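The structure appears below as structure tokens.
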Amino acid sequence: MKKTRNPLSKRLFDLIATAVGMIVALPVMAVTALLVRLKLGSPVLFCQKRPGLGGEIFTLCKFRSMLNAVGADGNPLPDEKRLTAFGAWLRSTSLDELPELFAVLSGKMSLVGPRPLLVQYLERYSPEQMRRHEMKPGITGWAQINGRNALSWEEKFALDVWYVDNWSFWLDIRILWLTVRRVLRREGISGGGEATMREFMGNDWADKNKNSKTDI
């Protein structure tokens, strides 16, 4: 991986924009937290370890959008069986992402950047795909406004790396503006035929199954 980048101008923009946005976001988060508690129970937040800048692990927290239902083997049921209508609405409006603003304030995330994915994906990336960790992960990003979960993993990673190579202040402004439009239109919320997004199993697996439509 090349040397990570953390432009000072990007950090200043994150702090100012997030501080201003919190004026509106905090009341919305309070109402959303109450709805999650009433509809899905506790805990209200879903927290999980994710890799950030340079692959450094941090804890990402979102509003919970799925039930804690498990099967007879004690493992969580598939996403489509745990995702309620209310949870799907949370995801479609992106309200579940609002707690990530606190990660932006703490410096673990940025408003715009490659989305933070699962820790186990780190060993599955190609060297080029791993470059998505050269910048802080974002609440939204170039891949999100160009298809979100309707894209294949390979397409998303290529867009992430493009963003790393072409970042600018005005590109971030454009992405934030287009994110608002995407959210209002509720586009690309989930992968084709799935409740969320199929797990990334690695490039060798993708090559072998690129013509297969069998869900995992």
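Annotations for the structure displayed:
- Those residues of region 74-112 whose amide nitrogen sits under 18 Å from the label point placed on Ile57, 7 Å along Cα→Cβ: 108-109
- Ranked Arg198, Arg148, criterion: other C-beta atoms within 10 Å, fewest first: Arg198, Arg148
- Additional length obtainable on full extension of the chain from Ser9 to Asp165, 0.36 nm per residue less Cα span: 54.5 nm
- Full extension of the chain between Thr84 and Leu26 gives 18.4 nm of extra length, using 0.36 nm per residue less the Cα-Cα distance.
- Pairs exceeding 29 Å between alpha-carbon atoms, taken from Lys49/Lys156; Lys39/Lys136; Lys10/Lys81: Lys39/Lys136; Lys10/Lys81.
- With R₀ fixed at 22 Å, the C-beta to C-beta distance from Asn68 to Glu199 puts the FRET efficiency at about 0.70.
- Cβ-Cβ distance of Leu118 and Ser92, R₀ of 30 Å, FRET efficiency by 1/(1 + (r/R0)^6): the value works out to about 0.85.
- Surrounding net charge for Leu26, when Lys and Arg each add one and Asp and Glu each subtract one, Cβ distance under 15 Å: -2
- Shown for Val28, Val183: other C-beta atoms within 10 Å of each C-beta, ranked fewest to most, produce the order Val28, Val183.
- Taking Phe86, Phe200, Phe46 and counting other C-beta atoms within 10 Å, the order from fewest to most: Phe86, Phe46, Phe200
No value in this document is a laboratory result; all are computed from the given coordinates. As the structure is a computational prediction, the values presented were derived from the model and not from experiment. Using ideal geometry, Cβ is built from the backbone for each residue, glycine included, and neighbour counts are taken over all protein chains shown.
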